[in-house]
Amino acid sequence: MSNIDKQALLGADKHANQHRLSRLIIEANSAELRAIAEAVEQYTDQLIAALEAEEKRIAEQREYYEGVIADGSKRIAELERSETQLINERDYAESALNDAYKAVMGQAPEWSNWFSFENAIEEIELACELWRNQTDDVIQFRQRIAELEARAVQLPQRLSPEGYHIDEAYMVDDAEGEYLDRDAVIEAISAAGIKIIEGEVQ
């Protein structure tokens, strides 16, 4: 069928050809010739109908495949945009994780097949957990220090010696005195809840 001139069959001369066949059928001298002409006319009509149907099918297929190609091109463009977006998001995540790792661990991570994002996150989480524990300890230490600093010891009255000689001297109350009664100091410190250790200072 590809060798048949479709334009000649389907073009403006189509009706002229059919008219000639119809006239040939009418003017034919024999029944056999008339039958052949009728068969040719029927075959021509069938051939024209088949060609028109085929052209319609080809046009529909062309339209369908053009739609498929357009959809495919659109999908490819979407995937390329998605890939670009994923690459940008991955780069951003890597940069953020790199900064976080450096802030926590003191150095930038060395990415490799043996050290991935997951490994870096695990190390950061472990370090942060240690920091949390240490922070809790520091908070408790500070609370304890604050408690200790809040304790006050009321010292006894200052004393000064009176008399000419140390063996004759006796102590009297003196706001600017240089001495304190040892037993009174021990009693005041004990009253504040501070343990007293007797003995020589090392």
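Looking across Ala127, Ala152, one residue alone is at pLDDT 80 or above and of a type in the set (Gly, Ala, Ser). It is Ala127.
Residues checked against (1) assigned to a helix (DSSP H, G or I); (2) of a type in the set (Ser, Thr, Tyr); (3) at pLDDT 80 or above; (4) surrounded by 11 or more Cβ atoms within 10 Å (Cβ to Cβ):
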| site | (1), (2), (3), (4) |
| --- | --- |
| Trp131 | yes, no, yes, yes |
| Arg144 | yes, no, yes, no |
| Ser160 | no, yes, no, yes |
| His165 | no, no, no, no |
| Glu168 | no, no, no, no |
| Glu176 | no, no, no, no |
| Ser190 | yes, yes, yes, yes |
| Ile194 | no, no, no, yes |
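Quick check, is Ile48 modelled with pLDDT of 85 or more, more than 30 Å from Ala127 (Cβ to Cβ), surrounded by 13 or more Cβ atoms within 10 Å (Cβ to Cβ) and not polar (S, T, N, Q)? The answer is yes for Ile48.
For the range 86-125, the set of residues classified as among the aromatic types (Phe, Trp, Tyr) and touching a residue at least 12 places away in the same chain (Cβ under 8 Å) consists of Tyr101, Trp111, Phe117, listed by residue number. Checking the structure you have, find out if any residue of the range 106-124 is under 30 Å from Lys195 (Cβ atoms) and not in a strand (DSSP E or B). For the range 106-124, residues under 30 Å from Lys195 (Cβ atoms) and not in a strand (DSSP E or B): absent.
Exactly one residue out of Ile69, Ile58 is at pLDDT 90 or above and of a type outside the set (Phe, Trp, Tyr), and it is Ile58.
The values are calculated or read from the model by the stated rules, or taken from the named source; none is laboratory data. Everything numeric here is computed off the predicted structure, so don't read it as measured data. So basically every Cβ, Gly included, is an ideal-geometry build from the backbone, and we count neighbours across all protein chains shown.
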